[in-house]
Amino acid sequence: DMENMVKLRYSHTFEPLTWYLSGSFVNDQYNYYGNPYIFSTSAGTTFPEENLEKKQSSSLFEIETGIKSKEESDKLIYSGSLRYNRFTSKYGPDMIYDGAKANLVDARVNLTFPFMNEFRAGVKGGIFHQSVSDVDFAPEGTEPFHSLTSVNANPYLSIEGDNYKISVGANLAQALDYNDKTQISPTADIFWNFEEKSAFYLTLDGGINNN
């Protein structure tokens, strides 16, 4: 098994915001049939020797950029990001087939509007899309992989004091797939620090899993 990985990140702070750019690449190579010794018998290996030496290879490339404003109590606070992933594999379920290739795009945004000193109203959400290339190892008339697009928005209202922070809202999600789905679920984040040494946390969330 052999794995190679590289990660890079650059950021720059301007007067109203911070911008960043990051990227990574991971390549993993391993014996396609696993440990060759488990296929050995007194009569020899059960697979051609040259096949046991061939390696499966999978790669993941990612690039992301985004911005985040400086947090000031009386101004709009915002952040946003855009991420792209590409996954490739050399072989399919047999070495005579090419492996699957997939693309992923994910855009996120978060806007917060402070008002009345302690209160904030905001909305966060984004668009997610993944697609997989056609494969030649699937039985005719079947589609083992398929595209998925999901859109979600989470409007919320929060209040913050010296020893507490409360945020409540709703997550609105729509998935566009061969079976379209709409989901609405409540969200909540509660933090309360009491009696100096004790703290209480509560998180409530829901939505559509993008996997």
Here are some conditions: (1) surrounded by fewer than 16 Cβ atoms within 10 Å (Cβ to Cβ); (2) in contact with an Asp or Glu (Cβ under 9 Å, 6 or more places away or on another chain). Pro93 meets all but one. Which one does it not meet? (2)
Can you pull out the residues in the range 105-116 that are touching a residue at least 12 places away in the same chain (Cβ under 8 Å) and over 20 Å from Ile63 (Cβ atoms)? Asn110, Leu111, Thr112, Phe113, Pro114
Answer yes if at least one residue in the range 195-206 is touching a Pro at 6+ places or on another chain (Cβ under 7 Å), more than 20 Å from Tyr84 (Cβ to Cβ), part of a strand (DSSP E or B) and open to solvent by 30 Å² or more (accessible area, probe 1.4 Å), and no otherwise. yes
Of all residues in the range 160-189, which are among the hydrophobic types (A, V, I, L, M, F, W, C) and open to solvent by less than 40 Å² (accessible area, probe 1.4 Å)? Ala170, Ala173, Ala175, Ala188
Quick one: would you say Ser81 is open to solvent by less than 40 Å² (accessible area, probe 1.4 Å), modelled with pLDDT under 95 and hydroxyl-bearing (Ser, Thr, Tyr)? no
So, in the range 6-54, of the ones that are aromatic (Phe, Trp, Tyr) and open to solvent by less than 70 Å² (accessible area, probe 1.4 Å), which residue ends up modelled with the lowest pLDDT? Phe39
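The values are calculated or read from the model by the stated rules, or taken from the named source; none is laboratory data. Bear in mind that the values here come from a model prediction, so they are computed numbers and not experimental data. Note: ideal-geometry Cβ built from the backbone for every residue, glycine included; neighbour counts use all protein chains shown. SASA here: full protein model, heavy atoms, side chains in, ligands and nucleic acids out. Shrake-Rupley method; radii C 1.70, N 1.55, O 1.52, S 1.80 Å.
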